[in-house]
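Laboratory data are not the source of any read-out in this text; all were calculated from the coordinates shown. Keep in mind that what you see is a predicted model, and the values were worked out from it rather than measured. Note that each Cβ is placed from the backbone with ideal geometry, even for glycine, and that neighbours are counted across all protein chains shown.
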Amino acid sequence: MDKIIVWHNPRCRKSREGLAAAQQLAQRLDATVEIRRYLDNPPSVDELKKVLKTAGLSPWDILRKQEKIWKEQFKGKDMSDDELIEVMTQNPKLIERPVVIYKDKAVLGRPAENVNKLA
């Protein structure tokens with residue numbers, strides 16, 4: 001059975017909405033949903049690079065620029081994509097959520113309707 005992977009933060013309303021959309025999609029596709037609490041189990045550099053490439057996104061597209069840690073430690077610094085990915089894997093709170101992955105596709109589940117692009 002195929003699975004839809006959701007990088008999820010249960011404390012975030014938008015992440016919960018994206019998860020609900022993924023669960024609805026899973027029912028339609030006869031797939032399962034695997035929840036990855038990415039704050040507790042952050043993606044590796046290679047995983048994040050792969051997901052960004054699959055989704056057609058840059059690191060800046062999924063960076064949470066309003067987070068305190070970004071503003072205090074990184075804002076205004078000139079960083080390459082690779083450096084930014086490294087910062088995001090070390091500080092997963094900076095990764096926008098939810099990220100939803102299905103087969104060879106990935107989307108940022110904000111808004112939740114984006115999840116339907118995976119079908």
The answer for trypsin sites (Lys or Arg not before Pro) in region 1-80 that fall in a DSSP coil and have at most 13 neighbouring Cβ atoms within 10 Å is R11, K65, K75, K77
quick note, the chain, DSSP beta bridge pairs, % antiparallel (nearest 5) is 60 percent
Most exposed first, judged by fewest Cβ atoms within 10 angstrom, V107, V51, V33 run V33, V51, V107
Over 22 Å (Cα to Cα) among K53/K75; K75/K117; K14/K75; K50/K93; K71/K105 -> K53/K75; K75/K117; K14/K75; K71/K105
Helix-only [θ] at 222 nm, the chain, -39500 (n - 2.57) per DSSP H run of 4+, per residue, nearest 500, equals -11000 deg cm²/dmol
Total charge of the residues flanking E86 in space, meaning their Cβ is under 13 Å from its Cβ, with Lys and Arg +1 and Asp and Glu -1, is -3
Two pseudo-spin positions, 7 Å from Cα along C-beta at M79 and at E47, lie apart in nanometres by 1.8 nm
